[in-house]
Amino acid sequence: MKALLPSLLAVLGSFAPLTAAIVEKPLEYKSGELVCEGWQAYDDAVTGKRPGVLVVHQWTGISDHEKEAARKLAALGYNVLVADIYGKGIRPQPPAAGKEAGKYKADRPLLRARVNAALDVLSHDARTDASKLAATGYCFGGTTVIELARSGAAVKGVVSFHGGLDSPNPADGKNIKGKVLALHGFDDPYVPAKDVAAFEAEMKAGNVQYVLIKYVGAVHSFTHKAAGNDNSKGAAYNATADRDSWLEMEKFLKQLF
């Protein structure tokens, strides 16, 4: 029996790591009367409350791209919710995606209501330390997290990956309570220089602590592998900008919390 004990302990020990894993699952919630279906990710090996990070999708709605980002953030110890701005089952593809995204860009109060509904769900989750919230977003989602900050939401910071940087209501910059990190493709044809200038003017006028990083050689959608590698199309993947921008976000979140 004594001879078997070490072997038995070794076998039992081999199962111990299997109890800890990244949990990923859809999460339904409401924004007003609209049913939304977000995507939650967290590490079940982490005990107690932890910072919460909201992730906002690009123009086609929640996709594998945002789920992968959520998985990676969860592995860093955050409680993550991918927001659903459009509503359950609404996952348009181009060209319909442009029309759907345009509806919210033209109605910023509606966009803010949708993203704040998701933030409220994340902040009230049992795993979340509601005093430590941040948001990140891609393309349309990048625009959205800046609008979240402009709404006066209690977020420590927001990160925009190749998002729109227009400033439709410059005075709203004064509502921003946290820091802003904008990760931008230097050659992005979908974000004109006048929008970049307006964004910076708004941040400065509002005394916002912000950082704008421009990746030379990168165009729109530089974190999306599905965008291909042809810069002439205006949207293309850039491995260097993808890697470096993710590391900038990691550093930014660590500094926030």
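Within the set of other residues whose C-beta is less than 9 Å from the C-beta of Thr128, count the net charge using Lys and Arg as +1 and Asp and Glu as -1.
Neighbour charge sum, excluding Thr128 itself: +2.
About its Cα centre, what dipole magnitude does the chain give when the only charges are +1 on Lys and Arg Cβ and -1 on Asp and Glu Cβ, stated in debye to the nearest 20?
Working: 31 positive and 28 negative charges, 95 e Å.
Here the chain has a charge dipole of around 460 debye.
Of the DSSP beta bridges with both residues in the chain, give the percent that are antiparallel, rounding to the nearest 5.
Counting DSSP beta bridges with both partners in the chain, the antiparallel share is about 30 percent.
How high is the FRET efficiency between Glu28 and Lys194 when r is their beta carbon distance and R₀ equals 35 Å, given to the nearest 0.05?
On the way: r = 40 Å, r/R0 = 1.14.
Once the sixth-power term is evaluated, E becomes 0.30.
Ordered by residue, what ³J(HN,Hα) values in Hz, to whole numbers, does the range 65-74 give under the Karplus form 6.51 cos²θ - 1.76 cosθ + 1.60, where θ = phi - 60° and Gly and Pro are x?
4, 6, 5, 5, 4, 4, 4, 5, 5, 4
Between Asn207 and Val46, what is 0.36 nm times their sequence separation minus the Cα-Cα distance? Round to one decimal in nm.
Stretched out fully, the Asn207 to Val46 stretch lengthens by 54.4 nm.
Which entries of Lys194/Lys225; Lys174/Lys204; Lys99/Lys233; Lys177/Lys204 have Cα-Cα distances beyond 21 Å here? Walk me through the numbers on the way to the answer.
Values: Lys194/Lys225 28 Å; Lys174/Lys204 9 Å; Lys99/Lys233 19 Å; Lys177/Lys204 13 Å.
Where the Cα-Cα span goes over 21 Å, the pairs concerned are Lys194/Lys225.
I want to check the label-to-label distance for Asp107 and Lys214. Put each point 7 Å from Cα in the C-beta direction and report it in nm to one decimal.
Spacing of the two 7 Å Cα→Cβ label points: 3.5 nm.
Ignoring everything except DSSP H segments at least 4 long, calculate the 222 nm mean residue ellipticity for the chain; use -39,500 (n - 2.57) per segment, divide by total residues, nearest 500.
Calculated from helices alone, the mean residue ellipticity at 222 nm is -11500 deg cm²/dmol.
Mind sorting out which of (1) 18.7, 60; (2) 19.7, 78; (3) 17.9, 62 is the real Rg and Dmax of the Cα atoms in Å computed from the coordinates?
Of the listed options (1) 18.7, 60; (2) 19.7, 78; (3) 17.9, 62, (2) comes from this structure.
How high is the FRET efficiency between Lys225 and His124 when r is their beta carbon distance and R₀ equals 30 Å, given to the nearest 0.05?
Using R0 = 30 Å, I get an efficiency of 0.35.
Any read-out appearing in this document is the output of simple, stated calculations on the displayed coordinates, not a laboratory observation. Note that the structure is a prediction, hence the values are computed from the model and not measured. Backbone-built Cβ (ideal geometry, glycine too); neighbour counts: all protein chains shown.
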